[in-house]
Amino acid sequence: MTCNPELVSAFLDGELEPIIVRPVVAHLLQCDDCCQTMGWLAQVKENIAGGLFWQDPDEMTRSIMGAIKNEKVYAGHTRLFDRLRRFGVSAALIAAVLAELSPALLAEMDQGLTGGMDRPSSDGR
Amino acid sequence: MSESQTSVPDGMEPQPVGKSHDQWVIDRVLAGDQKAFELLVRQYQGKVLSVIARMVDDPDKVRDLAQETWLKAYRALPGFRGEAAFFTWLFRIATNTAKNHWLAKGQAISLNELEGEGGAEYTLPQLRDHETPERQLLRKEMMENLQSAIDGLVPSMKRAILLRDVQGLSYEEIAVLLDCPIGTVRSRIFRGRQEIVQRMRSYLGNQPSARKGLGVGRHPEQNGGEKER
């Protein structure tokens, strides 16, 4: 698809034919010029509607996307910590359950090992 | 008539119901394409700034809170289920971010304060008295130029643009009102916006070194663009 700013303008308005939305989005994702055009058109549209004047929308976009990139790195770290925390909690829970059950289990195992055999009495008889 | 003309808070554009254009972009973001998020930012950053600027006076704080809003939106996007329009969802994040700012300062703000402005009449925003005299002058100059650029459009373009961007009508409704095909409406709106962008470009940061100060921009009449009739 070639650059077509009229379609970009209609995309902003949510007025594209459904069949053409996907190719327009795909084009916007690979064409910096059209992406920038969309920013200008959006700004003017907002100004006409009575919105705030902002002098440098491009700079604002760069600033936000810079923060998002940092966020992405941070999100990666967070995911790792989340996973460790989750595993840590699971491990602690299992340990607690085992600790609770262990006397009973040991007794049962002990009984299993000696099952059927008469224990010698304490007096040796 | 469009299904989306019912009451929406000021600053929120009525959204057509059905498969949203935004949803295509959101799907790409969720698939890991960060550039797609940039499309959302470019599309809606002005609206987010406007929403926050109604609640917060300091322009630097507005900018910070807008950035915070986008970060929150980015984090929360996987939870966006598309039940409301994307901007409705984003609007809520922006207002909550601004409200939290006031709560942190020990003050509160009500939603009524957000919804009191706007209406069908076309009016440019008022100057904000918290700003420096230089900023006020620049803003006043920008508003005058915008008004002049709109007034300088061919009447058919001006009507189409105001019906769309101020009244919020759909292309189909505009086509009926102006008695022309939808394709013509689309073209008029685009060409009108394009002409305004050309006239406003010096104010919108395309020539940052030339426009940071005052009084160096050309008046629309000096641009010499031939108008269609």
| query | Which one is farthest from the other protein chains (Cβ to nearest Cβ) among residues in the stretch B:41-60 that are in contact (Cβ under 8 Å) with a residue 40 or more places away in the chain and of a type in the set (Val, Ile, Thr)? | reply | B:Val56
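For every residue, the table says whether it meets (1) buried (at least 22 other Cβ atoms within 10 Å of the Cβ); (2) at the interface with chain B (Cβ under 8 Å from one of its Cβ atoms); (3) free of Cβ contacts under 8 Å to residues at least 60 places away in the same chain.
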position	(1), (2), (3)
A:Cys3	no, no, yes
A:Glu6	no, yes, yes
A:Ala10	yes, yes, yes
A:Ile20	no, no, yes
A:Ala26	no, no, yes
A:Leu29	no, yes, yes
A:Trp40	yes, yes, yes
| said: Exactly one condition in (1) more than 28 Å from the chain's Cα centre (by Cα); (2) more than 8 Å from chain B (Cβ to nearest Cβ); (3) closer than 14 Å to B:Gln45 by Cα is false for A:Lys45; which is it? | reply: (2)
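Rundown of residues vs (1) hydrophobic (A, V, I, L, M, F, W, C); (2) at pLDDT 90 or above, yes/no style:
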position	(1), (2)
B:Arg63	no, yes
B:Ala66	yes, yes
B:Glu83	no, no
B:Thr88	no, yes
B:Thr97	no, yes
B:Gly106	no, no
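For the condition modelled with pLDDT of 85 or more, closer than 29 Å to B:Glu173 by Cα and either in contact with a Phe, Trp or Tyr (Cβ under 6 Å, 6 or more places away or on another chain) or not hydroxyl-bearing (Ser, Thr, Tyr) (or both), what is the one hit in B:Leu39, B:Leu30? Show your work before the answer.
Working: B:Leu30 fails: closer than 29 Å to B:Glu173 by Cα.
The match here is B:Leu39.
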| query | For the stretch B:57-78, how many residues meet the condition of being closer than 10 Å to B:Val41 by Cβ and surrounded by fewer than 19 Cβ atoms within 10 Å (Cβ to Cβ)? | reply | 0
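The values are calculated or read from the model by the stated rules, or taken from the named source; none is laboratory data. Model, not experiment: these values are computed from the prediction. In this analysis, Cβ positions are derived from the backbone assuming ideal geometry, glycine residues included, and neighbour counts consider all displayed protein chains.
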